[in-house]
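Peer 1: Input: one structure, supplied below.
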Amino acid sequence: MTEFPYLKDQDVVEVQRGPEPGGVGGAYRAFGETLRGLKTTMARLIEGPLTIQYPEEKTPVYPRFRGRHKLHKFEDTGLEKCVGCSLCAAACPADCIRVVAAENIPGDRVSAGERYAAVYEINLSRCIFCGYCEIACPFDAITMGHDYEMADYDRENLIFTKEMLLAEPIERTPLRAEGE
Amino acid sequence: MIPIADTQLVEATWVMIVKSLVIFAVIFGILPLMTVLERKLIGRFQHRYGPNRVGPFGILQPLADVGKLLSKEAFMPANAIPTLFVLGPLLPVLSGVLALAIIPWGDVQDGVGLYGIDVPIGILYFFAVGSIAFYGVLLGGWASGSKYSLLGAMRGAAQLISYEVAMGLALLGAIIMGGSLSLVDIVHAQGAMWFIVPQFVGFLIFMLAGFAETNRTPFDMPEADAELVQGFMTEYGGMRFGSFLLVEYMEILVVSGIAAAVFLGGWMGPGPSFLDPIWMLAKMLGLVLLFIWVRATLPRLRYDQLMSLGWKVLLPLATLNVLVTAVLVVVL
């Protein structure tokens, strides 16, 4: 680097240059590189396709994937966990949850608490799937599920009622196995 | 002196007609399958599946494609030259079908030659007829009245002059060894050893020139879908465009057929003689797979690179190959 004194203290990277293209030597090298390329593509052919054939084959989701919401019941008593406190609606940044609470009548209890959600609606066309409702809920009554296929022809159909949120999804989304 | 091939085989007219129809039916049955095969294989080369929705394994995809093309308007630009514009896609089809006639599918069996016709000037006929296809490119590009088409056609012309000479010289070595221009005689001459062994250089040069002849990557400058939006085909729509595509595959089959006949021993293979056409077809399809494999591998060359490859490398190599072959044939 003596011919460039101003570069003395700098990191100088010497660029490795290949032989000049063209000529018979260039053609020979091009031929060799072509064979290398053919080998590379053949290896890809042998590896086989990586495509996931979506409607038939679904991408498995991670356990913490935030899909469509679910409302939960107690397994032993069958009572709803939601007590209609509207904390989820308050936490919702997209303002897509509507809760109307009502008092539980003794003898015909709907939820485990004093009150229950008479109306619980989530407008999924507005939901941004942030999961704040899940965090806000003091009773773990609402969680984010794994379903992501919610397309519909009508926006009205995307307003999910309490019954729809309590029901099991029709088709289960595959869950990613450990380490997959 | 090259002896004139024996074409004294006399066949009834109906035999000739049946032969032509059978060759036609087989080739035009294979062509659509080739398009699916190519798309599926290219997909596999890229970790994809390729078309697999229409019919079992996507076999019916070409039907859907043709259906789509037929339903399209046969558009013609206002400043196109109508006669030449229509002639553009027709000439290559004609040349492809004419070239199919000389591909030898088998020897004379029961008085019937398993080929369209055994022309005494076989390979010259292939060059004469094959070059007509480029008129389609040139006329199509020029008559379209579009800049991209004209650019594609110009590139086609530049490409034509740079590979055609080397292509002819590449086959000359095999012709000298076979002692005839007739493809049937050349296949007969390969009884002891396929010409790919002594004429390996010739085979390589012929295949390289073949890629250029069929406008395939890495020499698809006349089409160049990325830069010239299909070059000479830009202004074509509907089935005219379809026939350009069809011809591309037909030319691949023809070039594969010539290469299989001249270098890979044609119809020769183990088994009874009625398997001969199957062997020929298998060898052709093997070469077709090579075409597809190369297309999936190599990027497009600049056209000055093709010209320098054609003139500075292929032509001297082919000439050397012919000289060495000629000397060896005389000496041995």
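Peer 1: Condition check: surrounded by fewer than 16 Cβ atoms within 10 Å (Cβ to Cβ) and of a type outside the set (Gly, Ala, Ser). Does residue A:159 satisfy that? Break it down into steps so the answer makes sense when it comes.
Peer 2: Values: surrounded by fewer than 16 Cβ atoms within 10 Å (Cβ to Cβ): no; of a type outside the set (Gly, Ala, Ser): yes.
When the stated conditions are applied, residue A:159 does not pass them.
Peer 1: Here is a list: A:62, A:54. Which entry is hydroxyl-bearing (Ser, Thr, Tyr) and surrounded by 10 or more Cβ atoms within 10 Å (Cβ to Cβ)?
Peer 2: Working: A:54 fails: surrounded by 10 or more Cβ atoms within 10 Å (Cβ to Cβ).
Result of the check over A:62, A:54: A:62.
Peer 1: Restricting attention to the range A:35-70, which residues are within 14 Å of chain B (Cβ to nearest Cβ) and among the small types (Gly, Ala, Ser)?
Peer 2: As a first pass, look at the range A:35-70 and keep what is within 14 Å of chain B (Cβ to nearest Cβ): A:35-57.
Hits for the range A:35-70 are A:37, A:43, A:48.
Peer 1: Would you say residue B:291 is assigned to a helix (DSSP H, G or I), over 23 Å from residue B:171 (Cα atoms) and of a type in the set (Phe, Trp, Tyr)? Don't jump to the end; show me each part of the working.
Peer 2: Working: assigned to a helix (DSSP H, G or I): yes; over 23 Å from residue B:171 (Cα atoms): no; of a type in the set (Phe, Trp, Tyr): yes.
Here the answer is no, as residue B:291 does not meet what is asked.
Peer 1: Among the listed residues B:203, B:134, B:127, identify the single one that is among the aromatic types (Phe, Trp, Tyr) and touching a residue at least 60 places away in the same chain (Cβ under 8 Å). Spell out how you get there, then give the answer.
Peer 2: Numbers: B:134 fails: touching a residue at least 60 places away in the same chain (Cβ under 8 Å); B:127 fails: touching a residue at least 60 places away in the same chain (Cβ under 8 Å).
Checking each option against the conditions leaves just B:203.
Peer 1: Shifting gears a bit: For residue B:55, work out the one condition from (1) away from chain A (no Cβ under 14 Å); (2) on the phi > 0 side of the Ramachandran plot; (3) surrounded by fewer than 14 Cβ atoms within 10 Å (Cβ to Cβ) it doesn't fulfil.
Peer 2: (3)
Peer 1: Among the residues that make up the range A:75-87, is at least one of them away from chain B (no Cβ under 14 Å), in contact with a Gly (Cβ under 7 Å, 6 or more places away or on another chain) and surrounded by 15 or more Cβ atoms within 10 Å (Cβ to Cβ)? Spell out the reasoning first.
Peer 2: Step one: filter the range A:75-87 for residues away from chain B (no Cβ under 14 Å), giving A:75-87.
With the extra rule that they be in contact with a Gly (Cβ under 7 Å, 6 or more places away or on another chain), the set shrinks to A:83.
Adding the requirement that they be surrounded by 15 or more Cβ atoms within 10 Å (Cβ to Cβ) leaves A:83.
Yes, the range A:75-87 contains a residue that is away from chain B (no Cβ under 14 Å), in contact with a Gly (Cβ under 7 Å, 6 or more places away or on another chain) and surrounded by 15 or more Cβ atoms within 10 Å (Cβ to Cβ).
Peer 1: Let me ask something else about it. Restricting to the range B:122-153, give me the number of residues that are within 18 Å of the chain's Cα centre (by Cα) and either surrounded by fewer than 21 Cβ atoms within 10 Å (Cβ to Cβ) or not in a helix (DSSP H, G or I) (or both).
Peer 2: 8
Peer 1: Failed condition for residue A:148, given (1) buried (at least 18 other Cβ atoms within 10 Å of the Cβ); (2) of a type in the set (Ser, Thr, Tyr); (3) in contact (Cβ under 8 Å) with a residue 60 or more places away in the chain, with all others met?
Peer 2: With (1) buried (at least 18 other Cβ atoms within 10 Å of the Cβ); (2) of a type in the set (Ser, Thr, Tyr); (3) in contact (Cβ under 8 Å) with a residue 60 or more places away in the chain applied to residue A:148, the lone miss is (1).
Peer 1: Modelled with pLDDT of 85 or more, within 29 Å of residue B:44 (Cα to Cα), in a loop (DSSP other than H, G, I, E, B) and touching a His at 6+ places or on another chain (Cβ under 6 Å) - does that describe any residue in the range A:48-60?
Peer 2: Yes, because at least one residue in the range A:48-60 is modelled with pLDDT of 85 or more, within 29 Å of residue B:44 (Cα to Cα), in a loop (DSSP other than H, G, I, E, B) and touching a His at 6+ places or on another chain (Cβ under 6 Å).
Peer 1: Just one of B:219, B:244, B:211, B:195 is under 20 Å from residue B:268 (Cβ atoms) and buried (at least 21 other Cβ atoms within 10 Å of the Cβ); which is it?
Peer 2: B:195 is the lone residue from the list that is under 20 Å from residue B:268 (Cβ atoms) and buried (at least 21 other Cβ atoms within 10 Å of the Cβ).
Peer 1: If you don't mind, another one. Residues of the range B:297-320 being more than 10 Å from every other protein chain (Cβ to nearest Cβ) and surrounded by 16 or more Cβ atoms within 10 Å (Cβ to Cβ), which ones? Walk me through how you get there before you give the answer.
Peer 2: Restricting attention to the range B:297-320, the residues satisfying the condition of being more than 10 Å from every other protein chain (Cβ to nearest Cβ) are B:300, B:302-304, B:306-307, B:310-311, B:315, B:318-320.
Once the filter is applied, which keeps residues that are more than 10 Å from every other protein chain (Cβ to nearest Cβ) and surrounded by 16 or more Cβ atoms within 10 Å (Cβ to Cβ), the range B:297-320 yields B:300, B:303, B:306, B:307, B:310, B:315, B:318.
The values are calculated or read from the model by the stated rules, or taken from the named source; none is laboratory data. What you are looking at is a predicted structure, and each value in this text was computed from that prediction instead of being measured. In this analysis, Cβ positions are derived from the backbone assuming ideal geometry, glycine residues included, and neighbour counts consider all displayed protein chains.
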